[in-house]
Structures are given as C-alpha cells and as structure tokens.
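The values are calculated or read from the model by the stated rules, or taken from the named source; none is laboratory data. Given the structure is predicted, the values throughout are model-derived calculations rather than measurements. Every residue, glycine as well, gets a Cβ built from its backbone with ideal geometry; the counts of neighbours run over all protein chains shown. Heads up: the accessible areas ignore ligands, DNA and RNA and are worked out on the full protein's heavy atoms, side chains in. Shrake-Rupley method; radii C 1.70, N 1.55, O 1.52, S 1.80 Å.
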Amino acid sequence: VEGARFLTLLCQYAPTWALQLPGFLDDIVVETVQRRAQGATQERMLREFAEAIEILTSERGLILWLEDIHASDPSTLDLLAYLAQRVERARLMVIGTYRLAEVIVGVPRLKAIKQELQARRQCEEIQLELLNRQAVAEYIAQRCGEKPLAEDLVEFVYQHTEGNALFMVHLVDYVIEQGLVVEEKGQWTLRGEHPTIGIPDSV
C-alpha cells in the first residue's frame, strides 16, 4: 500500500492514529486531524484501527507481521485481541512470533489471548523444528564466506546449540567476534582447542 494512500485512510478513519505520525502530515492536516481526534480514549483508538484495517483490506489482502510479541506492551496485546474478536470480515492475516517459554511463564495476557483464539479456531500455533546439522553448516558457511568449513567448526556449533536457531545465531556471532574462527589450510576452523562456552550473554 502506498504511503500517501495509507495516511489518507488513517486521517479519514483513524485520526487518533494519524496524530502519531505528525512528521508525515502538513500543518493544515494536523490541525484538522487534531479536531477530529478530540476526546480520544483507548477504546476509540482500538475501534478506529480496526475500521481502518477493514477499509484497507476491502481493496486488497493484508498480512500484519509482528516479531517477538512476547515482549509487546499491553496496548499492542489489547489491539491484537480486539482485531481477533471482531466479527466483521476482513482479508487480514496476523502472523506473530514469540518464545513459547516466555509466554507460559511471563506473559499471562498473551497466553490467555492465544488460548481463547485457539478455542474458537481463530489461530494456529506452529512450533519451529530444530535445525538439522546440514542447515547449521549452511548458515555458518553464509556467515564465514566462500571457503569450506572444517568439520570441527560445524560439529562444535551443532553440539552446543542442538539446532536451536536463536542459540546458533548468537553462538556464531560470539566465536567470530572473539576471533575463535580462523582460516587454516584454505578452510574455516576453530582456533586451538575447542573453547568452553555457555549460553552467550546476548541470549
């Protein structure tokens, strides 16, 4: 969707949201939108966004992709719940990624939303499988360059991460930043003895 078209739609149907983008509006439009947005409440903002989405998806389908929704603020979770609970039809698909353990332990609101949507068959949870050894090797090769990989480097990363993509990315970052990956005899390998590494601090 072109930016200008989207801004016009927000100004018309969701002025309280358009006000969050003052840098994209000229002074006359801002003044008009401010008048229309007077008396804004959280309920009104939720309703406006949903209506804007309905108008937008009447023209074309929309995929809304949200990363790491386990770290979302309460207002974002309220918006997700509101969109999911509306009965009006919209060509909208919401895809969200989250860490299951953090949802179970630390985000009861998101857990409750997920359970309610699953009970109404309005969402599907897809758990990502662990990467196999070949996929780990391919990732390391992309990070290190064109030269072949020594067997010990691939084995080290695979054994330490067991194919967990998040751990793998951070572990590879760590061994590269620490200078533990070196070029020897035309291939990338680990420097010296295999280092003892726990979970990287970045994880």
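Observations on the structure shown:
- Modelled spin labels at V182 and A112, positioned 7 Å past Cα toward Cβ, are 5.7 nm from each other.
- With respect to the chain, whose longest principal axis is taken over its alpha-carbon atoms, helix 42-59 is tilted by about 80°.
- Using a simple spin-label model with pseudo-atoms 7 Å out from Cα toward Cβ, I126 and L64 lie 1.9 nm apart.
- Taking 20 Å as the cut-off, the amide N atoms of region 155-179 that come nearer than this to a point 7 Å along the Cα-to-beta-carbon line of E138 belong to 155-173.
- Set of aspartates and glutamates with alpha-carbon distance to K114 below 19 Å, sequence-local pairs under 8 removed: E67, D68, D73, D78, E102, E124, E125
- Max mean-square fluctuation residue, GNM over the chain, Cα-Cα springs under 10 Å, options A141, A90, A14: A141
- Length gained when the stretch T8-R44 is fully extended (0.36 nm per residue, less Cα-Cα span): 11.1 nm
- Axis angle, to the nearest 10 degrees, between helix 3-13 and the longest C-alpha principal axis of the chain: 40 degrees.
- Apportionment of accessible area to carbon and sulfur, the chain, percent (1.4 Å): 52
- Prolate/oblate/rounded label for region 1-61 (Cα gyration tensor, a/c 1.5): oblate
- Anchor K185: lysines whose Cα lies under 24 Å away (excluding residues fewer than 8 positions away in-chain): K147
- For region 1-123, the convex hull drawn through the C-alpha positions has a volume of 112 cubic angstrom per residue.
- Accessible area in square angstrom per residue, the chain, 1.4 angstrom probe: 66
- Anisotropy class of region 53-155 from Cα gyration tensor, a/c 1.5 cut: prolate
- A straight chain from D152 to V87 at 0.36 nm per residue would run longer than the Cα-Cα distance by 17.8 nm.
- MRE, 222 nm, helices only [DSSP H, n ≥ 4, -39500 (n - 2.57), over the chain, to nearest 500]: -16500 deg cm²/dmol
- Computed from point charges on the beta carbon alone (+1 for Lys and Arg, -1 for Asp and Glu), the dipole magnitude for the chain about its Cα centre is near 900 Debye.
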